[in-house]
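Okay, structure first, notes after.
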Amino acid sequence: MPSEEVYGYDGERTEPPTERSRERARLEGRAAVSREAGLFFITLAGVVVLYYAGAWGLMGAAGFMQRSFKAAALHPGGMGLADATTVLRAGSFAFVYLIAPLAALPVAGFLSQAVQSGFVSTGRLRPQAARLNPFENLRRLFPAGTGVGALKTAVKLSLLGYAVYAGAVSQAPLLPVMASMDAVTAAGFMARSVFTMMTGVLWALLAVAVIDYAYERWLFERSIMVSRAELKAESAEAEGDPAVRARIRKAQAEAIGRGGR
C-alpha cells in the first residue's frame with residue numbers, strides 16, 4: 001500500500017491540484033491504484049470462471065480418466081503405442097479444459113489496473129538513478145503509512161473471516177443430508193456451498209476495495225497539490241505576461257485612436 005512518500009507528497013504544497021500537475025503525474029505514470037481493487041476483480045473473475053466453466057473443466061478431466069481406465073483395463077500387461085497416444089492426447093485436452101478458463105484471471109488483473117489508472121504513461125518504467133539509492137529503497141520498505149496498512153490488513157482479515165464463518169454456519173445444517181446423496185449430487189451440493197461462501201467473500205473484498213481506493217485516491221490527490229508559488233506561476237503563464245498584455249492594449253488603443261480620426 002503506497003504511502004505519502006511513495007506518492008511524493010510535499011507538505012509545502014497546500015493548493016488544489018491543477019491541470020498541469022495532473023498531466024505531469026500522468027506522464028510520469030503515477031495514478032491512484034488500489035491493490036485491493038485488483039484482488040477483488042481477480043477473485044470475481046475466478047468465481048465467475050468456476051461457476052460457468054467449472055463443469056466444462058471437470059468434464060474434460062473426467063473424459064481423460066475414463067480413457068485412461070479403459071486403456072488400463074483392456075491391456076493389463078501394458079498399453080501399446082496406440083493406446084498410450086490416445087491417453088496422452090486425452091490428457092492434453094484435459095489440461096486445456098482445466099487451464100484455458102484461468103486465462104481470465106490475468107486479463108481481469110490488467111483491466112483492473114487499466115480502469116483505475118486509465119492507461120497512464122510508461123514514465124515510471126524509465127531508469128532513474130534515484131531508485132538505485134539503497135537508503136531510499138530501505139525507507140520505502142518502512143513507509144510512514146505502515147500503520148495505516150496494518151489497520152487495513154486487520155480490517156480485511158476481519159471481514160473475510162466473518163464472511164467465511166457466516167457462509168460455513170449457513171451451510172452446516174445441510175451437511176448431514178450429504179450422507180444420502182450419490183457422488184454427483186454431493187459434488188454439486190459442495191459446489192453450490194462453496195459458491196455461496198465465495199459470494200460473501202466477494203462482498204467483503206468489495207468493501208475493502210472501496211475503502212482502499214478512496215484512501216489511495218486521497219493520497220494521490222495530496223501528492224499532486226501545488227504550492228502557492230507554482231499556482232501563481234501557472235496562472236500568470238495561462239493569462240500571459242502582464243507587460244506583453246499592456247503593450248497589446250496600448251497598441252489596440254492607438255489603432256482605435258487612429259481609426260477614429
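For Ala130, the conditions (1) surrounded by 11 or more Cβ atoms within 10 Å (Cβ to Cβ); (2) in a helix (DSSP H, G or I); (3) modelled with pLDDT under 55; (4) of a type in the set (Gly, Ala, Ser) all hold with the exception of (1). In the set (1) modelled with pLDDT of 60 or more; (2) part of a loop (DSSP other than H, G, I, E, B), Ala61 fails one condition alone, (2).
The values are calculated or read from the model by the stated rules, or taken from the named source; none is laboratory data. Nothing here was measured: the structure is a model prediction, and the numbers come from that model. Positions of Cβ are backbone-derived with ideal geometry, glycine not excepted, and every protein chain shown enters the neighbour counts.
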